[in-house]
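Inspection log for the structure reproduced underneath, given as structure tokens.
Any read-out appearing in this document is the output of simple, stated calculations on the displayed coordinates, not a laboratory observation. These figures come from a predicted structure and were not determined experimentally. Cβ placement follows ideal geometry from the backbone for every residue including glycine, while neighbour counts extend to all protein chains displayed.
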Amino acid sequence: MTHLAWNAESGELRFRTESLEGTLRADGTRHAVTQLIHRPTGVRVDRDMLLAIYRLLSRSAWMGEARVMSHTVRPTEDGIELAWMPRLAHQVLLSARFAIHEPDYIDCTIGVVGHAYYPDYEVFVSNYFARSFRSGGYVGPARGEEMKASIQVQPQGSPIFREMYITFPRDEQSAHLITDGRWQRGRHFTRFLPARYYGLPLGFYSQTEGPLDVLLMGLPCDTFAVSMAYATDDPSDNVGQHNSFYLSLFGKDLHPGERWQTTVRLVVGAFSRDPRQHSAQYEKFLADHDAQSGSLEIEDLSVVQGT
């Protein structure tokens with residue numbers, strides 16, 4: 001049975017399931033899943049921050065970082081719900097509802113309501129893993145390869161793309177969004193390398209010595225790219241030592257009065273990098289969730305105009 005303990009003073013939700021134990025931090029400025037432990041093995045899988053809403057982006061535009069922006073917090077039956085009010089730099093009502101599920105997974109349902117027009121609008125979700133884990137993902141077949149649904153890869157460092165994050169876009173249009181200039185604005189000038197199209201909008205970090213995998217996945221209609229740091233032993237390579245994983249969500253034009261909602265999932269288990277087990281977890285996720293999009297009228301924009 002899931003145990004939840006909310007501490008309003010510290011802004012922390014302690015949780016425990018059959019397989020997971022950790023903290024959901026939401027103190028009004030910072031938020032993330034942290035100190036996440038796989039109880040059967042006692043292994044901590046994170047490096048301080050999982051399922052954190054990071055950058056808010058649109059075409060050639062950087063609109064702030066939700067993980068350092070003021071938000072409201074509301075405890076729920078199975079987790080917490082966060083909301084970021086529209087402001088001049090980001091005229092969007094943003095929400096994130098975290099739900100803890102037995103025995104081994106966490107869902108984060110992200111919603112946006114547009115109060116202004118943003119072309120190619122993106123919500124970028126960040127995750128950082130313990131040093132004892134290594135990144136991986138799934139790509140579609142290249143020309144000449146056997147036509148499998150998806151192929152597992154674990155990127156290694158190379159001088160050709162040193163200090164560039166590896167990105168698996170959904171399609172060619174998605175690849176263009178990664179390089180439209182949005183990542184050369186705001187804090188931390190960053191470059192991404194669009195590589196092969198993803199086979200599944202699913203990535204993972206696996207133990208280098210052990211069976212434990214952490215899976216992160218999104219819905220294909222709402223996830224336009226899966227990005228990660230490559231692995232390297234070079235201690236001077238900042239990206240190669242970063243152990244990070246990202247999901248790029250939406251990537252389409254957001255208009256005033258338009259509302260979108262999608263869900264991403266984190267699963268921890270002794271899957272031993274087995275593609276069949278990863279695929280089974282992804283199929284369960286698809287069966288549980290469906291993207292909800294549509295529009296609604298916003299009659300009062302004073303909350304935007306007054307910020």
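Roughly speaking, what is the stretch gain from Q154 to R47, that is 0.36 nm per residue apart minus the C-alpha to C-alpha distance, in nm to one decimal?
Gain on extension, Q154 to R47, equals 36.6 nm.
As an exercise, use a Förster radius of 22 Å and the Cβ-Cβ distance of V68 and S10 to find the FRET efficiency, rounded to the nearest 0.05.
So the FRET efficiency works out to roughly 0.80.
Determine Rg/Rh for the stretch 105-214; Rg is computed over alpha-carbon atoms and Rh is the Kirkwood hydrodynamic estimate from the same atoms.
Over the Cα atoms of the stretch 105-214, Rg/Rh equals 0.98.
Identify the trypsin sites (Lys or Arg not before Pro) of the stretch 184-234 meeting these criteria: DSSP loop state and at most 16 other C-beta atoms within 10 Å of the C-beta.
R185, R187, R191
Kindly write out, for the stretch 279-287 in residue order, the coupling ³J(HN,Hα) from the Karplus curve 6.51 cos²θ - 1.76 cosθ + 1.60 (θ = phi - 60°), rounded to whole Hz, with x marking Gly and Pro.
4, 5, 5, 5, 5, 5, 4, 4, 5
Cβ neighbours within 10 Å, averaged per peptide: list 205-211, 17-23 in order, most packed at the top.
Highest to lowest by the protection proxy: 17-23, 205-211.
Per-residue HN-Hα couplings for the stretch 67-73, Karplus 6.51 cos²θ - 1.76 cosθ + 1.60 at θ = phi - 60°, whole Hz, x for Gly and Pro?
6, 10, 10, 4, 9, 9, 10
What's the exposure ranking of K284, K252, going from fewest to most Cβ atoms within 10 Å?
K284, K252
Taking only C-alpha pairs under 8 Å that are 6+ residues apart, what is the relative contact order of the stretch 3-294 in percent?
For the stretch 3-294, the relative contact order is 18 percent.
Give the peptides 151-158, 166-173, 49-56 in descending order of average Cβ contacts within 10 Å, highest first.
49-56, 166-173, 151-158
Suppose only helical runs count, i.e. DSSP H with n ≥ 4. What mean residue ellipticity at 222 nm does that imply for the chain under -39500 (n - 2.57) per run, divided by all residues and rounded to the nearest 500 deg cm²/dmol?
Taken over the chain, the calculation gives -2000 deg cm²/dmol.
Ignoring solvent entirely, what values of log10 I(q)/I(0) come out of the Debye formula for the stretch 3-294 at 0.10, 0.13, 0.14 Å⁻¹ when each Cα is a single scatterer?
The computed values of log10 I(q)/I(0) come out as -0.50, -0.88, -1.03.
Going by average Cβ neighbours within 10 Å, how do the peptides 110-122, 35-47 rank, with the highest at the top?
110-122, 35-47
Are there GluC sites (Glu not before Pro) in the stretch 62-110 that DSSP marks as loop and that have at most 12 other Cβ atoms within 10 Å, and which are they?
E77
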